[in-house]
Every structure is written in C-alpha cells, then in structure tokens.
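What follows is a set of notes on a single structure, which appears directly below.
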Amino acid sequence: MQTKRQKNIYGFFRIFAVLFCVCTCMLLSSCQKKLAENKVFGVDDLSGSVIGVQLGTTGDILVSDYEEDGSDTTIERFNKGNDAIQALKQGKIDAVIIDAQPANAFIQANPELMILEEEFVKEDYAISIAKGNTELTASINKALSSLKADGTIDSIINNYIGENAGKSPYTSPSGVNRSNGNLIMATNAYFKPYEYYENGKIVGIDVDIATAIADYLGMNLKIEDMEFDSIITAVSSGKADIGVAGMTVTADRLKNIDFSDPYTTSSQVIVVRNNEAVQSGSNFVEKFTNDFITDNRYQYILTGLKNTLIIAFFAAIMGIVIGFLVAVIRSSHDKTGNMKILNAICSVYLTIIRGTPAMVQLLIIYYIIFGSMNVNKILVAVLSFGINSGAYVAEIFRSGIMSIDNGQFEAARSLGLTYNQTMISVILPQAFKNVLPALANEFIVLLKETSISGYIGLTDLTRGGDIIRSITYDAMLPLIGVALIYLILVMILSTLVKKLERRLRSNERN
Amino acid sequence: MSETNNMSDILLEVKGLRKVYDKHVVLDNINTTVHKGEVIAIIGPSGCGKSTFLRSLNMLEIPTAGQVLFHGTDITDKSVNINEIREKIGMVFQHFNLFPNMTIRDNICLAPVKLKLMSREDAVKKADELLARVGLKDKADTYPAMLSGGQKQRVAIARAMAMNPEIMLFDEPTSALDPEMVGEVLTIIKELADSGMTMLIVTHEMGFAKEVASRCMFFSDGMITEENEPKAFFENPQSPRLKEFLSKVL
C-alpha cells in the first residue's frame, strides 16, 4: 500500500509534469522558425509539387487533373482552408489553391505568404438548392436579380472587400414580415470574407446575401455550420434549404444539386510562401492575448467545453443504461438459455457498434437516420456516443457479472430469491464494484471521443479551439489549450473514480 | 404448495433420480425417503455423486430423470414455483457463499425481507437471535471478509435458518475449514439436530456422522450402495465397497 507521503509525491509529480509541458509549449510557441523556400512561381510550376486544397472545393476538383497526369503531383485535401495555409507556412506543402477573397484574408494575417499574380481559374459563385425544388430556385433567382438591380449585392461585397470595407454594412429593412417560415442555410464558416466567425457569430458576404434574400422572401434565416463537403449532402437530404458557401457551379455538383444564378465572380488563386518576407515572431503574451482575450475569443472554448461536458455526461448515462440492459440480457441468456431473440438482437448490436468507427456512426446517425429531420445536434451527438458507449459498457458489465463466483448465485437462489432478485441484490452490486476501473476507463475514452463532434458542425471543445485557430492562424496555443483542458477533465474524472472505488472497497478490507 | 391428504411424516421422497452429464452417469436410479426429524449422513468417496444428489433436492442441479417429491409435490415439474419450495429447504455450502458486499446482519435479513416473509424490524430481530445462537452476536455489523472460516460457516447456517426451513441440506460444511475450526461448526449442526431439525449432511467427518446421524447413506458410483443406522453402518458394513472405504478413512 502507498503511504500518505508517497501519494503526496505522486500528486506533486503529476502536477509538475503538466506544468513542464505547459512551459515547453510556451517556449516552442515563441521561438522563430525559418520558412522553407518557395519553388512555385506560376501555374506551370504546379505539376510535380505538393498542392493543398480545401476538400470538395472547386480548387480540389480542378487540381485533381494534375494527380493523374503522371507528373508526381501530390494533392493534400484539408477540411478547412486555413489548415492548408498552416501546412503551407510549415513547409509541408508547396502551394495552396483557394478562392481569391479568402486568399486575401489569409495573406493579410500571414505576411510571410503571397498570392501569385497568375490566376489559376475564374469562376462564378452560386447558391445550391435541392434538385427538384424548382419553386425555391425560382424565388431565389427572383430575389437575386432584384438585389443585383438595386445595388444591394454590390454594397454587401464592398463592405467586405476593397478600400471601403466596413462602410456599408447590410441591415434588414424594418418591418419585414417573416411569415414564410425558416430558410436554413448550410455553410462552412472558415472562408473569410464569405463566411467566418466574428465575436461568436457567423458573418460574411454570403451570410449578408442570404439575409437579404430571406428578407426579400419574408423568411427567417437560420445558419448551420458544417464541413464544406457535407453541404451538398445536407441540402440534397433536406437538412438545409440552401447551401451558400462560395460554391462554384461544376458538372459533378450539378448531378446531385441545382444552382441558382451566380451572385458574384471570384477566381481561384495560388498562394505560396514569400521568399523575401521576414518572419515576425510574436511573443507568448501577444499570442495568448490574440488567441483568447481579443474579441472574447475564450468564449469559443467555454461554449465548446459546455457542449463537450453535456454530450459526455448524457452519453455516459445512456451508455450505462443500454450497457446494463444488454449485459443483463446476454448473461441471463448464458446462464439460463432464455431470451434467445433479445440475445440475438444484442449480439447484432454489439457486432455492428464495436465493428465500425464512432465517427462513421456519428455521421450515419446525423446524415442518414436523422437525414431529413431538423434535429438538435447535441441530441444527435448524445444519441450517437451513448449508443456507441453502450456496446463497450455492455461487455464490461457482462465480464463483471461473469466474474462473480457461481456460489453467490446458488446461495441466493437456495434461499428462495428469484433470478431477478438475485441479480439485483447480490450479483450486480458486486459486479459493479469489480468493473469500476474498466468503466472509468471507458468514460475517459468517451469524453475524449466526443472531440469528433465537430464533424457534424457542433461546437465542442475541439471545434472551439479550431474556430480560434481559423481566426488567428496560430495552431499552437488553441490546440495546446484544448489538450490541457481535456487532460484536466480526465485527471478530475480519474480522481473521482478512485475516491468512489476506495469507498466501495472499504467494507471488504480487514 | 399443495399438502397431500396423506398425513404421514414423509417430508421428501426421491424416485428413480438420474443425472447424466454428457455421457457420464453421475446419479443412477436413486430412491429414498426422508422422514421428519431424520438426520441423514451421506458418506462416500469423492466424485461419487453425493453433492450432486444433495443439490438435486432443491433443483440447483436439474435431474435428467426421476422425481423429487417435497410434501408430495414433484418439484422437478416445471410448473411448480421452485422459489417457494426453496424457501422451505435451507442449504449450507462448502465455501459458505456469504455475500461479501453486505454486513453479517444483512446477509441474514436479505431473503426474508426481499421475499416479504418478515418486516425489516422482525428480520433484524430474528437475525440477532440467530447470531446469538451461533455465538456471533457481536459480529452483526461487520463484513464477511473480517470473519474466520468457522465464523463464516456459522453465519451461513444462521442465514439458512432465518427462512425457518423444514429441512436443511449441508454440502460438506467443514471441508473448507482449518482443522481447529471444524469443531465449532459441528457443535452448531449438532445443536440443530438435537432441536429436531430434519437434515441431510454430506460429510467426511465419520465420528460426527456416527454421533449425530440417525441414518447413514453410502454413495459409490452414483448409487446408494448401503444404508443403515450408524452403529451397524460403521461396525458391521455389508458391501465390499463400504468395507474398503471405511478401512481407509477410519
């Protein structure tokens, strides 16, 4: 047994280890790194190099041709534009092909990058609408032509791009009658200046144009943030009415979706490292302030933390309930041979859930099972993680039940207790005590696994850090911050479980 | 439970009992009758089916064939509520099987309270009485892990007694005990026998069997090979198997 003194030393050592990590990260974050040399100076240099794009964008579709031309070109597809930009800065890729306006926003924040003068391609942006929804397409085209005619669209674009930025913000006309219901807009808010986060809200050209359209149509605009490659799925499955995310009309996309008339033109440009730029490193305090304090950006972390805790907590409860029922059914079947059908259902459940990744399950539940329903994302995450965790908890409980000596069972039955009474009063309390460490481990895994919630556009803790990353272009502090919070949560959880374990064991020790 | 009109003192009747595991015959055509107040010692070499026989009497082992009649009711019949029958048949196990997550008192009160045979207060009163009877009054609030083997077995006997059983089955109650603790458990069982309790005891304690039993049964190869009152059983064995067995153990 540990003595109190040894325990204190361990406790101290753990806290010291955490502090050591934090200090190392602070040092790393403030030291300067030399930029890798740029080798791409025009469209012709692209073949044979490593090109970054945002998954599912026009840039992705267009450069994919390079992949098959035998020139050894590698395409790296990122979920967000700014992940590609960060990879470019770190020298992991040679160039990023992305829309012109977001590119401008990126190089303003990253002076060590530049845009090549030669444009990659020019393209029109349009609004995507589910195939066959001709009524909505017609109304949106009508709204667009009216908004173009009265200069609203130009004024919105000028408010974000050019010398007069910020001077002509769009405001809804007063007294709009919103009796025509909700207009749900799917977007990917990492595409400045079209859509991005500012002060906790999604803003940008596309958002203002969609607002103006909703005003014109007498509807109430609702914005759903998701991965770019999920937007078309969301619109065609009916989860969203329109997709507005700087989308270009392409032949492939037209197979799955309809487009409105274009509302603006943009070009795909090539972003590369600027060999002449001097890298300016900012110190830790500046970075910290910029990442967390400016514009109350810590709020993204707090919102995410709240959602992560809600999801993990309710999913754990659901997991216990499902796991408990499945374990009781399975072990009863093993002991008595009854409940054949229920046992078969449970076996199928365990096989499927344990045989597929949690992330795929989450996506299936969100996009297929609740496909056309507008359902709360936190609820979806709780369901998904609860169902997932239930399978693991079931096997943990079952091993716990099986670990109890059969003599316990026989003693209780010989006294006249029924099978159920024996399970509830004698077997399960002992089984629970035995499986507590394994159960705690499962909940630690569950807590960390909720970090994939971002894939359905839910702001969990990880996604909260990602949003900050997309605003400040600093990878280090938001990621380390998020990691630290997870670490602290897990440490608290294990401490609580250890206390509970000690209390439950106290009566069995001499 | 159905009472038969036959008011004789037959408590338990075993007819043609047979138990087969895979192809291995453990019990083969066992027939016997247990009268109220009898104390039966079941003796025999290991693996001869003694424990299986005992466990068949309260359906912890389901017989392959044959009948077990308790007050004339065939308890091997699936339509019989076996839980109600078991309330009347107490059992004490070789390894005590106390519930480690409950206090000694709760071990004893659990079944009477759960089965709504007694109120919690009455059950506690009864538990304390029984604990006093087995000499463990001061242990009521401790947990099984804090008791010695002999003490545990005494608690197990009290736990079975709390149900006011009509018959008690002892499955090698002293085999898992250190030698110096055997005596205290046998004393309790003997007191129980003296109080008129009907009992079947699987045991290797020959001296105890001779002293306490009203009848001894010798099991070998899944059959009752010899059956007699203790004096004749030990001093004048008939079958060669029993003679050989006694010559080894006495």
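Readers should treat all values here as calculations from the given coordinates under stated rules, not as data from a laboratory. These figures come from a predicted structure and were not determined experimentally. Every residue, glycine among them, receives a Cβ derived from its backbone with ideal geometry; neighbour counts consider all protein chains shown.
Arrange B:C109, A:C23 by Cβ neighbour counts within 10 Å, fewest through most, would you?
Ordered by Cβ neighbours within 10 Å, fewest first: A:C23, B:C109.
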Rounded to the nearest 500, what is the 222 nm mean residue ellipticity of the protein assembly as shown from helices alone, with -39500 (n - 2.57) per DSSP H run of 4+ residues and division by all residues? -15500 deg cm²/dmol
Rounded to a whole number, the mean other protein chain Cβ count within 10 angstrom for residues of B:105-114 is 3
What angle do you read, to the nearest 10 degrees and between 0 and 90, between the alpha-carbon axis of helix A:100-109 and the longest principal axis of chain A? 70 degrees
Cα pair count fraction exceeding 32 Å, expressed as % - region A:35-281: 23 percent
For chain A, take the longest principal axis of its alpha carbons; what is the angle in degrees between that and the long axis of helix A:205-217, to the nearest 10 within 0 to 90? 90 degrees
Using 10 Å bins from zero, what percent of all Cα-Cα pairs in region A:346-400 falls into each bin? 24, 49, 23, 4, 0
For region A:261-356, with equal point scatterers placed on the C-alpha atoms only and solvent neglected, what are the log10 I(q)/I(0) values from the Debye formula at q = 0.22 1/Å, to two decimals? -1.10
For peptide A:201-214, compute the average count of partner chain beta-carbon atoms within 10 Å of each residue's beta-carbon. 0
Per 10 Å bin from zero, what fraction in whole % of the C-alpha pairs of chain B is there, up to the bin with the longest pair? 7, 30, 35, 22, 5, 0
Amide H neighbours of A:A240 under 5 Å, counting only residues 5+ apart in sequence or on other chains, H built in-plane at 1.01 Å? A:V235
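Can you order the peptides A:344-356, B:220-232 by their average number of other Cβ atoms within 10 Å per residue, highest first? Mind showing how you got there, number by number?
Details: A:344-356: 13.6, B:220-232: 16.8.
Going by the mean number of other Cβ atoms within 10 Å, highest first, we get B:220-232, A:344-356.
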Does anyone have the angle between helix B:149-161 and the longest principal axis of chain B? Alpha-carbon axes, 0 to 90°, nearest 10? 90 degrees
Square roots of five times the C-alpha gyration tensor eigenvalues of region A:298-509, ordered largest first and given in whole Å, equal 37, 22, 11
Tell me, what is a quarter of the convex hull surface for the C-alpha atoms of region A:452-510, in nm² with one decimal? 5.4 nm²
For chain A, just the Cα atoms, rotate onto the principal axes and tell me the three extents in Å, largest first. 87, 57, 55
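Hey, any idea what the orientation-averaged projected area of the convex hull of region A:369-424's Cα atoms comes to, in nm²?
Taking the Cα atoms of region A:369-424, their convex hull projects to 5.5 nm² on average.
How long is the gain from A:R503 to A:K131 if the chain were fully straight, where each residue apart is worth 0.36 nm and the alpha carbon distance is subtracted? Don't jump to the answer; show the numbers that get you there.
On the way: separation 372, 0.36 × 372 = 133.92 nm, distance 6.10 nm.
Difference between extended and current length: 127.8 nm.
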Measure of size requested: the Rg and Dmax of region B:167-237, with Cα atoms as the atom set and Å as the unit; please supply both. 12.4, 34
Using the Karplus curve 6.51 cos²θ - 1.76 cosθ + 1.60 with θ = phi - 60°, what ³J(HN,Hα) values do you get for each residue of region A:291-302, in whole Hz, with x for Gly and Pro? 6, 10, 8, 3, 6, 6, 5, 4, 4, 4, 5, 5
Between B:I10 and A:N177, the two model label points (7 Å from Cα along the beta-carbon direction) sit apart by a distance in nm of 9.5 nm
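Any idea what % of Cα-Cα pairs in region A:204-254 are farther than 15 Å?
On the way: 636 of 1275 pairs.
Of all Cα-Cα distances in region A:204-254, 50 percent exceed 15 Å.
Can you give the alpha-carbon Rg of region B:104-239 over 2.2 N^0.38 Å, where N counts its residues?
Values: Rg = 16.8 Å, N = 136, 2.2 N^0.38 = 14.2 Å.
In units of the globular-protein estimate, region B:104-239 measures up at 1.18.
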Could you give the nm distance between label points at A:K122 and B:E180, where each point is 7 Å from its Cα heading toward the beta carbon? 10.4 nm
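May I ask you to list the chymotrypsin sites (Phe, Trp or Tyr not before Pro) in region B:26-117 that are in a DSSP loop and have at most 15 other Cβ atoms within 10 Å of their Cβ?
On the way: sites: B:F53, B:F70, B:F93, B:F96; in loops: B:F93, B:F96.
In loop regions of region B:26-117 (DSSP not H, G, I, E or B), there are no sparsely surrounded chymotrypsin sites (Phe, Trp or Tyr not before Pro).
With both partners inside chain A, how many of the DSSP beta bridges are antiparallel, as a percent to the nearest 5?
On the way: 24 of 39 bridges.
So the antiparallel bridges amount to about 60 percent of the total.
For B:C48, A:C21, which order do you get if you count the other beta carbons within 10 Å of each Cβ and list the fewest first?
A:C21, B:C48
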Using modelled amide H (1.01 Å from N, peptide plane; none on Pro or chain starts), what sits under 5 Å from the amide H of A:E119, excluding residues fewer than 5 places away? none
Rank-order B:140-147, A:244-251 by packing density, defined as the average count of other C-beta atoms within 10 Å over each peptide's residues, highest first. A:244-251, B:140-147
Inside 10 Å of the C-beta atoms of A:415-424, what's the mean count of C-beta atoms belonging to other chains? 6
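Based on the mean of other beta carbon atoms within 10 Å per residue, what is the order of A:172-184, B:74-86, most packed first?
Top to bottom by mean Cβ count within 10 Å: B:74-86, A:172-184.
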